[in-house]
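Single-structure report; data block below.
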Amino acid sequence: MSGNAAPLIVALPAEIDVTNSDLVLEQLAAAIGSGAAVVIADLTATTFCDTSGMRSLLLAHDKETDRTQLRVAVSPGSAVLRVFELAGTARLLRVYPSVEQASRGA
């Protein structure tokens, strides 16, 4: 992964559920397909994410290529992070506590 190019940040909605999870997947898939070395799914302002939202993130993760890496920014202590941890999603995705740290990969 190139550390020189700025990551492509996809700001996700405050609530992700069955009504908009397909759109979330479309946005992330388009970002991954753009050829950016790093795509960051920004969930730092997301307060709710149900299983359909988690599924969309996992499907987007499956679309990664050798040239593009998906990283997820989720605020520490948030309900979203807690759900990710309980569901095991946090172990499958590259989860960072902020967009800045996701950008650095640290």
Looking at segment 62-86, which of its residues are touching a helix residue (DSSP H, G or I) at 6+ places or on another chain (Cβ under 6 Å) and closer than 22 Å to Asp17 by Cα? Lys63, Leu70, Arg71, Ala73, Val74, Phe84
Within segment 5-32, the count of residues that are under 16 Å from Arg71 (Cβ atoms) and either of a type in the set (Ser, Thr, Tyr) or over 12 Å from the mean Cα position of the chain (by Cα) (or both) comes to 3
Meets criteria (of a type in the set (A, V, I, L, M, F, W, C), without any contact (Cβ under 8 Å) to a residue 24 or more places away in the chain and on the phi < 0 side of the Ramachandran plot) for Leu28: no
Selection count, segment 15-25, where residues are over 21 Å from Val95 (Cβ atoms) and in contact (Cβ under 8 Å) with a residue 40 or more places away in the chain: 0
Taking first residues from segment 87-99 that are closer than 9 Å to Arg71 by Cα and second residues anywhere that are aromatic (Phe, Trp, Tyr), the pairs with Cβ under 8 Å that are 6 or more apart or on different chains are Leu93/Phe84; Val95/Phe84
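Bear in mind that the values in this text are calculations on the coordinates, not laboratory data. Keep in mind that this is a model prediction, so the values were computed, not measured. With ideal geometry, Cβ positions are generated from the backbone for all residues, glycine too; neighbour counts draw on all protein chains shown.
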